[in-house]
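Here is the structure we will look at.
Values quoted throughout were computed directly from the atomic coordinates according to the rules given, and no laboratory measurement underlies them. All figures in this text were calculated on a predicted structure; none of them were measured in a lab. Positions of Cβ are backbone-derived with ideal geometry, glycine not excepted, and every protein chain shown enters the neighbour counts.
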Amino acid sequence: METDLLIIGGGPAGLHAAYVAASNGIKTIVVDESFSLGGQLRQQTQRLTNLPKQFDSQIGITLMQTLVERLTDLDVTILSKHTMIGTYKDGRIGVSNGQRTIPISAEKVIVTTGAAEEAFVFPGWTLPGVMTIGAAQIVMNREHVIPGKNAIIIGSNDFALEVGKQLIENGVSLQGVIENEDQLIGCKEETIQFLKEAGVPIYQNSYVTQASGAGEVEKVIINHNGSEKEMEIDLVCIGKGLTPILEPFEILSCDFAYEKDLGGWLPQYSTLMETSTASIYVAGNAAGITNLGAILLTAEIAAISVAESLGRQCKEEATEKRELLWQELYHLESADSKAKFHGRIKLMREFQDNVDIQLSKLFNMSVGGV
Amino acid sequence: MAKQYDVVVIGSGVVGSSIAFHLSEGGQKEILVIDKDYPLSGTSGSTQAWVWVHNKTPSWYGELSMLSAELYPFLERKIGDVEYKRTGGIAPFFNESDRESALRLAEKQAEVGIEIDVLTRDQVLEKEPALSPNIAGATFSKIDGNVNPFRLVELYIRAAKKNRVQFSFYNPVIDIKRDKGIFEITTKKEVFRAKQLVLAAGPWTKGVGKLLGVDIPVKQVRGQILVTEPLAPLIKHTIGGMRQADNGEVLIGYSKEEVGYDRRTTLDVIQDTAKMAVEYLPDLAKANIVRCFAGVRVIPNDGQPILGEIPTIDNAYVAVMHSGITLSPLVGTVMTELLIQGETSIDCDKLRLDRFSEFKSYV
Amino acid sequence: MQIVNHSIPGKKSEKEITFSFNDKFLKAREGQTVAAALMANGIKKFGISRKLQQPRGLFCANGRCCSCFLTVNGLNHVLGCITLVEEGMKVSSNDADPDVRRKANGD
Amino acid sequence: MDASTIVCKCEEINIAEIELAIKSGANTFDDIKRLTRCGMGPCQAKICTNLVRQIISESLEVPLSEIRPPRLRMPLKPTRISALVGNEVSSSVISVFSESAPQEDDENHG
């Protein structure tokens, strides 16, 4: 197959990039591993408050529908159930659906493979019934199946607490949030208040010493402030956080950098969202773990850059659009975490000399202290 | 003052670590092995690890391979279980017209004592029912087998360490000088001195040779290998092109590309190799490939091992060859004889570096 | 357990289908993954690990960790978390290394 | 942490085995992988990468930022051989037998 633009990943970043690119007359293919588009939006029932101004505040599931539906009349080919498995010598990308492998020749590629959840480990973490917090959310909100009756959550970031709330709303008995630190990591007051009112015990300075059971998890022992407590539990949700998915970038020979605040190792990229391998762009959580607003904006920046390099937008127009998008990204991302945006600028500066010139307006706008 | 050793070996792959281990068996010498990375990070860790004899030609080369394969059971008694299995080797052919050259091969190899059976299609399928009914026949020899390369190198090193061999890892050699007959080896971490120096750095020997002022005439050849998920027992023999490891994984691959030190895999070769896999073993179609890897092999310009003294530099030696896994027990033994007694128990003249007409030394 | 009245109204199909797990017939809803369909029937253990023979089930739900391997319609090591359940599908647990030999499969 | 805790779910490698590999001198994920098989199974280190990096970091007292992930390999997910078999004529792969004929050109491999 041949195309102007190949997008790897049909989550929010991939879908939004496809829309922006195809709206500029770019022939686009989106490859997605799953049986339906939307990525992690498919199970997000919480209201998204940090979206770019072009989107109304809404929940993930409806945003997913919007992002998919508006591709209908555009020149976008969707290859669902197809996974990028590698590359050919001549740079073509191989995707497979389990029955055959198709080489795709693309002028430009945007990789939006997102992030993966990390794991806390303890004896017994491999038992059925122990899963990532994201998996529990998928089972509950996308599959409409109760993942367990009596649950604990290990870790207390905002996402873990939010899913904890959703578990309770669906009738699961949440018997504790286990946090290793001496305070909660998450800071959304509303969610914390909900959990408190629901009577969920918060165990700080605590960790799981063991999960056990015959065939599946039945019992968990936690260490709380040095003393052990046994709990009858059939669902253990691990909420450690996210890290960018790196595999496609390594296969595409992209250089990596380490930025703790963006989730660890990730591909280097410029203010165009182009990686060290020419014509390979990155967007979304793969470019650093962030909120949904920034995920969509990085996708738009990448798509504009692709449009520019394919001659569908003139340099001036593209530059101005990118500056506006970076400004909005700055505001949306720093509202959540200043450190993330700083990390992003640091990453780009280490890769590209003229970041400050590229983002001139942003830096002139009293933001300069970055 | 830099620490001085009797012998410094550069390269801790299967060849370097075998030489160090065999040398250390006498116990008299102070030995150091230097590696730019960690054992198994290079060629020895990215191989199918056949101990393969029967169609190594010319026949004197087959004979060396056979002698080495015969040493493996004794080696295991000394260093431990390296999962050496003399499975027998099958090299299938698909056209009846190949039978004649198979018979010629058998005749030639018989002269040096390598026993080869030229099998009919039915005989092959009886031995190895999973092979494709489309094959015409195969050459077969009992002497072939395979080994776990990870265990092999690890156990060579463990045994060498027990004999007080020193190892310096993650430590590239930057420069080599000679001062009053003593080698002065500058590495990233420190400077070592050595009375005798052995270059055993596989495909990287060319670069190390340059530091010493010698051109080692070798090429780098990339081989890509596919690994299946562990499968229930499927094949018993080492088949030219694939083998099944102890844990059930089937390793498949027989590609060659001259692309320097580039160790990336490509879907072009992966797909070609998959095709070969099902041509040989149709049942493999259902198996999942979980990973592919590429190794940079070293191939001397004329294909044969380069082993022995470096003619223009006293006390400098080289041991570089394509089939390091097959030959490592023999090479370790022979190099030990050479370094200690100055001569070898088997004739190694054909392996000398100065057999190459273009042999160059800048010294 | 299937959720009937989800706190957020989704579009999950209500169409019921029948599949089997280790020769036992079970119900699922169209559009569910095999992994979720099993969990809806109270089955969390999908197989056993190959070295220590420990139970395994859904872990990442994103097709990455391979912990949910199942045998589906005779094909071994299928990812249960990204495969949709189908009417009449024969699912069995992943208890041993795949045997790909023709004879083993009755071909 | 209990040293018998599994880190690599696929190959069932525990913390003690990783620490032993580090003690014997390995200090990158790839080198530990070849000694222990950690990360060599079907998921190809997708789950254990950062767990192992953490252990290396703690054992060697090196910051996490200096410990790279392992080399990530094709295919990016387990792929059936039947799905890989292409229609193009094989070019880069030759058979062992075709190379072994005892003619006078004497290249040899394996």
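Before moving on, here are some points about what is shown:
- Loop-exposed chymotrypsin sites (Phe, Trp or Tyr not before Pro) per DSSP, neighbour cap 14 Cβ within 10 angstrom, longest uninterrupted part of chain B: B:1-260
- Computed [θ] at 222 nm, deg cm²/dmol, chain B (DSSP H ≥ 4; -39,500 (n - 2.57); rounded to nearest 500): -9000 deg cm²/dmol
- Calculated translational diffusion coefficient of the stretch A:207-335 (25 °C, 0.890 mPa s; Stokes-Einstein with Kirkwood radius over alpha-carbon pairs) equals 140 µm²/s.
- Pairwise Cα inverse-distance average, inverted: Kirkwood Rh of the stretch B:135-276 (Å): 19.0
- Pairwise alpha-carbon distances in the stretch B:3-74 exceed 20 Å for 47% of all pairs.
- For the residues A:A339, A:A13, A:A294, a GNM of chain A with alpha-carbon springs under 10 Å puts the largest fluctuation on A:A339.
- A straight Cα-to-Cα reach below 29 Å connects A:K315 with the lysines A:K27, A:K53, A:K108, A:K340, A:K346, A:K361, residues fewer than 8 places away in its own chain not being considered.
- Taking label positions 7 Å along the Cα-Cβ direction at both B:D262 and A:K229, the computed distance is 5.9 nm, reported to one decimal.
- Cβ-derived FRET efficiency at R0 60 Å, A:T209 paired with B:K210, nearest 0.05: 0.60
- When the Gaussian network model of chain B links Cα atoms closer than 10 Å, the mean-square fluctuations of B:K161, B:K286, B:K206 top out at B:K286.
- Range of Cα positions in the stretch B:76-205 per principal axis (Å), largest first: 63, 29, 26
- In this structure the amide hydrogen of A:G241, modeled in the peptide plane, comes within under 5 Å of the amide hydrogens of A:E118, none closer than 5 places in sequence on its chain.
- Amide H contacts of B:Q196 (H built 1.01 Å from N, under 5 Å, at least 5 apart or other chain): B:V7, B:V8
- C-alpha center-to-center spacing [the stretch A:9-78, the stretch A:92-151] in angstrom: 18
- Nearest 10 degrees, 0 to 90: helix A:12-23 Cα axis against chain A principal axis: 20
- Model label sites at A:K219 and D:L60, defined 7 Å from Cα along the beta-carbon direction, differ in position by 4.0 nm.
- Karplus-derived HN-Hα couplings along the stretch A:249-264 (A = 6.51, B = -1.76, C = 1.60, θ = phi - 60°), whole Hz, x at Gly and Pro: 5, 5, 5, 8, 6, 7, 7, 10, 9, 10, 9, 3, 6, 9, x, x
- Computing FRET efficiency as 1/(1 + (r/R0)^6) for A:Q54 and A:D353, where r is the C-beta to C-beta distance and R0 is 41 Å, gives about 0.85.
- Within a Gaussian network of chain B (alpha carbon springs, distance under 10 Å), most fluctuating of B:G253, B:G113, B:G240: B:G113
- When all alpha carbon pairs of the protein assembly as shown are counted in 10 Å bins from zero, the resulting P(r) reads 2, 11, 19, 22, 20, 14, 8, 3, 0 %.
- Distance histogram for the stretch C:16-96 (every C-alpha pair counted, 10 angstrom bins, percent rounded to whole numbers): 21, 58, 19, 1
- In order along the stretch B:43-56, the Karplus-derived 3J(HN,Hα) couplings, from 6.51 cos²θ - 1.76 cosθ + 1.60 at θ = phi - 60°, round to 5, 5, x, 9, 9, 6, 6, 7, 9, 10, 10, 5, 10, 6 Hz, and Gly and Pro are given as x.
- Over the stretch A:119-238, the ratio between the Cα radius of gyration and 2.2 N^0.38 Å evaluates to 0.96.
- Shape category assigned to the stretch B:89-141 from the gyration tensor of Cα positions, a/c cut at 1.5: oblate
- Rg/Rh for chain B stands at 0.98; both radii use Cα atoms, and Rh follows the Kirkwood definition.
- Coordinate range of the alpha-carbon atoms in the stretch B:23-137 per principal axis, descending: 56, 31, 26 Å.
- GluC sites (Glu not before Pro) within the stretch B:99-129: DSSP coil, no more than 12 neighbouring Cβ in 10 Å: B:E111
- Cross-link table B:K3/B:K180; C:K27/D:K9; B:K108/B:K142; B:K85/B:K142; B:K127/B:K236, entries beyond 19 Å C-alpha to C-alpha: C:K27/D:K9
- When the stretch A:1-84 is reduced to its Cα atoms, the Kirkwood hydrodynamic radius in Å: 13.0
- Placing one equal scatterer on every Cα of chain A and applying the Debye formula, the log10 ratio I(q)/I(0) at q = 0.07, 0.11, 0.12 Å⁻¹ is -0.33, -0.79, -0.92.
- Listed residue pairs exceeding 26 Å between alpha carbons, taken from A:K321/D:K77; B:K275/C:K90; A:K240/A:K338: A:K321/D:K77; B:K275/C:K90
- Calculated diffusion of the stretch B:218-300, Stokes-Einstein form, Kirkwood radius summed over Cα pairs, 4 °C and 1.567 mPa s, µm²/s: 98
- Between D:Q44 and any residue 5 or more places off or on another chain, the built amide H atoms are never under 5 Å apart.
- Taking every alpha-carbon pair within the stretch B:263-363, the share separated by more than 19 Å comes to 59 percent.
- Between the Cα long axis of helix A:158-169 and the first principal axis of chain A there is an angle of about 60°, rounded to the nearest 10.
- About its Cα centre, the dipole of the stretch A:119-238 is roughly 160 debye, where the only charges are +1 on Lys and Arg Cβ and -1 on Asp and Glu Cβ.
- If the chain linking B:E111 and B:E126 were pulled fully straight, counting 0.36 nm for each residue of separation and taking away their Cα-Cα distance, it would gain 2.6 nm.
- Size estimate for the stretch B:168-230 follows the Kirkwood approach: the inverse of mean 1/r over distinct Cα pairs works out to 13.7 Å.
- For the protein assembly as shown, the antiparallel share of DSSP beta bridges with both residues in that region comes to about 65%.
- Anisotropy class of the stretch D:6-66 from Cα gyration tensor, a/c 1.5 cut: prolate
- Nearest 10 degrees, 0 to 90: helix A:60-69 Cα axis against chain A principal axis: 30
- The HN-Hα couplings worked out from phi for the stretch A:230-240 by the Karplus form 6.51 cos²θ - 1.76 cosθ + 1.60 (θ = phi - 60°) are 9, 9, 8, 9, 10, 9, 10, 10, 9, x, 8 Hz, whole numbers, x standing for Gly and Pro.
- Part-to-part distance (alpha-carbon centres) for the stretch B:1-76 and the stretch B:210-279, which is given in Å: 20
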